[in-house]
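K.L.:
Sharing a structure below in structure tokens format, with a few things to ask.
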């Protein structure tokens, strides 16, 4: 098992900073150097920035031939952020800032004022799906100005974000998103378009990363991508990345470890492979010993200070709520295991740990 920590200087966040740099928007972080050279050489009028959820470099190499576009035009592998998971990674891409700054660190984040473990994208209690809120937590606590908005301040550039149907006006398929972006590029003088699609992540979770089902989905995505690059106008740059990869997993029912759970102030949060523990004051050392007795070979257990000192979440001005988001310990997966936090949905593959399969994603670049 190859263990890889995030490299924020050559990451999905760096790609976004390259685009800000190209459009003369102020940035505070490293850009992606290979992309910078292509941008300066080509000076494209149209940029199409595609993010395919869960398309790790491992999946590209396994399921696509060397002549398939998503593999043929793959320049290299680059790093995701930590945790390599959709909430943290897509918001690092859209904000061009690391999780420590934008405050998005995982699927489940604890909000102290409301005393809720919130499923951030669903805006509801993770452990009680019937408990919802009349305001949006992201809008209230985690808002930022996206790269799409920043670039769009230049009135000469049509800047657009395209999402699936979970967003108002969203698309029912990746093919539909491509049809929309082709209309934009063919009917504007200059454009920047960001496209997000949910696959192959959803399929990988259910069937496992090397399954025939995932192979079919990845090949369909490749066909749609090939249609995109064949039909874009001249002076167009297409860049495709993923937010993270996935790895096949074996689940461990954490809720069955009664002694460990009895030491917690509240239920765990963040991610099954990057898990957050708020521990009772009189159990701090006992919890560490008990956890490592069971899981030392499967998870790296760090105190909050150790976790922050090692800059897993990047560097920069710490988000005002980050300290309350993080518990006393953070455990990070270093093997093929993941914790089940409830008796509900089961997974064959997951992400958010430190394995190469989940941390390294492709940087795919096509110019026309």
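K.L.:
Quick one: length gained pulling residue 75 to residue 28 fully straight, 0.36 nm per residue minus the C-alpha distance?
P.N.:
On the way: separation 47, 0.36 × 47 = 16.92 nm, distance 2.47 nm.
Between residue 75 and residue 28, full extension yields 14.5 nm more.
K.L.:
How high is the relative contact order of the stretch 172-229? Use alpha-carbon pairs under 8 Å, at least six apart in sequence, and give a whole percent.
P.N.:
Values: 23 pairs, mean separation 21.4, N = 58.
It rounds to 37 percent for the stretch 172-229.
K.L.:
Roughly what angle does helix 33-42 make with the longest principal axis of the chain, taking Cα atoms, 0 to 90 degrees, to the nearest 10?
P.N.:
20
K.L.:
Mind sorting out which of [x] 78, 73, 36; [y] 65, 42, 38; [z] 68, 44, 33 is the real Cα extents along the principal axes in Å computed from the coordinates?
P.N.:
Matching the structure shown: [y].
K.L.:
Sticking with the crude label model, points 7 Å out along Cα→Cβ, report the distance from residue 165 to residue 183 in nm, one decimal please.
P.N.:
Between residue 165 and residue 183, the label points sit 1.7 nm apart.
K.L.:
Efficiency by 1/(1 + (r/R0)^6): what FRET value for residue 176 and residue 3, r their Cβ-Cβ distance, R0 = 51 Å, to the nearest 0.05?
P.N.:
Values: r = 39 Å, r/R0 = 0.76.
Efficiency, from the Cβ-Cβ distance: 0.85.
K.L.:
Then there is this: I'd like the antiparallel share, as a percent to the nearest 5, of DSSP beta bridges with both residues in the chain.
P.N.:
Working: 33 of 57 bridges.
The answer is about 60 percent antiparallel.
K.L.:
Would you mind checking the stretch 78-103 for residues with the amide N under 18 Å from a putative spin-label position 7 Å along Cα→C-beta of residue 304?
P.N.:
83, 99-103
K.L.:
Using the alpha-carbon centroid of each, what span in Å lies between the stretch 281-305 and the stretch 14-93?
P.N.:
36
K.L.:
OK, next. By how many degrees, 0 to 90 and rounded to 10, does the Cα axis of helix 212-231 deviate from the longest principal axis of the chain?
P.N.:
Approximately 30 degrees, to the nearest ten.
K.L.:
Further, regarding this structure: Expressed in nm to one decimal, what extension gain is obtained for the pair residue 368 and residue 278 from 0.36 nm per residue of sequence separation less their Cα-Cα distance? Intermediate values should be presented prior to the final figure.
P.N.:
Values: separation 90, 0.36 × 90 = 32.40 nm, distance 5.17 nm.
This chain segment gains 27.2 nm when fully extended.
K.L.:
Follow-up. First measure r as the distance between the Cβ atoms of residue 128 and residue 317, then evaluate 1/(1 + (r/R0)^6) with R0 = 25 Å and state the FRET efficiency to the nearest 0.05. It would help to have the intermediate numbers written out before the result.
P.N.:
Numbers: r = 33 Å, r/R0 = 1.34.
Calculated value: 0.15.
K.L.:
In Å and whole numbers, how far do the C-alpha atoms of the stretch 1-98 stretch along each principal axis, longest first?
P.N.:
Largest to smallest, the principal-axis extents are 38, 31, 19 Å.
K.L.:
Can you tell me the length gained on complete extension of the stretch residue 121 to residue 230, counting 0.36 nm per residue apart and subtracting the Cα distance? Let's see the in-between values first.
P.N.:
Values: separation 109, 0.36 × 109 = 39.24 nm, distance 3.39 nm.
Residue separation times 0.36 nm, minus the Cα-Cα distance, leaves 35.9 nm.
K.L.:
So, one more: At R0 = 41 Å, how high is the FRET efficiency between residue 286 and residue 41 if r is their beta carbon distance? Nearest 0.05 is fine.
P.N.:
Details: r = 59 Å, r/R0 = 1.45.
With R0 = 41 Å, the Cβ-Cβ based efficiency is 0.10.
K.L.:
Taking Cα pairs under 8 Å and at least six residues apart, what relative contact order does the chain come out at, in percent? Before the final figure, lay out the partial values.
P.N.:
Values: 771 pairs, mean separation 104.9, N = 368.
Computed over the chain, the figure is 29 percent.
K.L.:
I need 183, 338, 13, 263 ordered by Cβ neighbour count within 10 Å, fewest first. Don't jump to the answer; show the numbers that get you there.
P.N.:
Numbers: 183 10, 338 26, 13 31, 263 18.
Ascending number of Cβ neighbours within 10 Å: 183, 263, 338, 13.
K.L.:
Restricting to Cα pairs below 8 Å that are 6+ residues apart, what does the relative contact order work out to for the stretch 248-350? Please round to a whole percent. Can you show the working numbers first?
P.N.:
Details: 139 pairs, mean separation 48.5, N = 103.
Taking the mean separation of contacting Cα pairs over the length of the stretch 248-350, I get 47 percent.
K.L.:
Points 7 angstrom from Cα along the Cβ direction at residue 155 and residue 223: gap in nanometres?
P.N.:
Label-label distance for residue 155 and residue 223, simple model: 4.5 nm.
K.L.:
Using the reciprocal of the averaged 1/r over all distinct C-alpha pairs, how large is the Kirkwood radius of the stretch 264-368 in Å?
P.N.:
Values: mean 1/r = 0.0649 Å⁻¹.
About 15.4 Å, per the Kirkwood formula over Cα pairs.
K.L.:
Fewest Cβ neighbours within 10 Å first, please rank 135, 73 accordingly.
P.N.:
On the way: 135 9, 73 18.
So the ranking, lowest neighbour count to highest, is 135, 73.
K.L.:
Using the alpha-carbon atoms, what tilt in degrees (0 to 90, nearest 10) does helix 86-95 show relative to the longest principal axis of the chain?
P.N.:
50
K.L.:
Before rounding to the nearest 500, sum -39500 (n - 2.57) across all DSSP H runs of length at least 4 in the chain and divide by the residue total; then give [θ] at 222 nm in deg cm²/dmol.
P.N.:
Values: 16 runs with 128 residues, N = 368.
Counting only the DSSP helices, I get -9500 deg cm²/dmol.
K.L.:
Roughly how many whole Å is it from the C-alpha centroid of the stretch 114-141 to that of the stretch 151-178?
P.N.:
Their Cα centres are 25 Å away from one another.
K.L.:
Need one number: nm distance between label points at residue 293 and residue 324, each 7 Å from Cα along Cα→Cβ, rounded to one decimal.
P.N.:
Label at residue 293, label at residue 324, 3.5 nm between them.
K.L.:
In what sequence do 107, 197 fall when counting other Cβ within 10 Å, fewest first? If you can, show how the numbers build up before the last one.
P.N.:
Values: 107 21, 197 24.
Least to most surrounded, the residues fall as 107, 197.
Any read-out appearing in this document is the output of simple, stated calculations on the displayed coordinates, not a laboratory observation. Computed from a predicted model, the values in this text were never measured in an experiment. Positions of Cβ are backbone-derived with ideal geometry, glycine not excepted, and every protein chain shown enters the neighbour counts.
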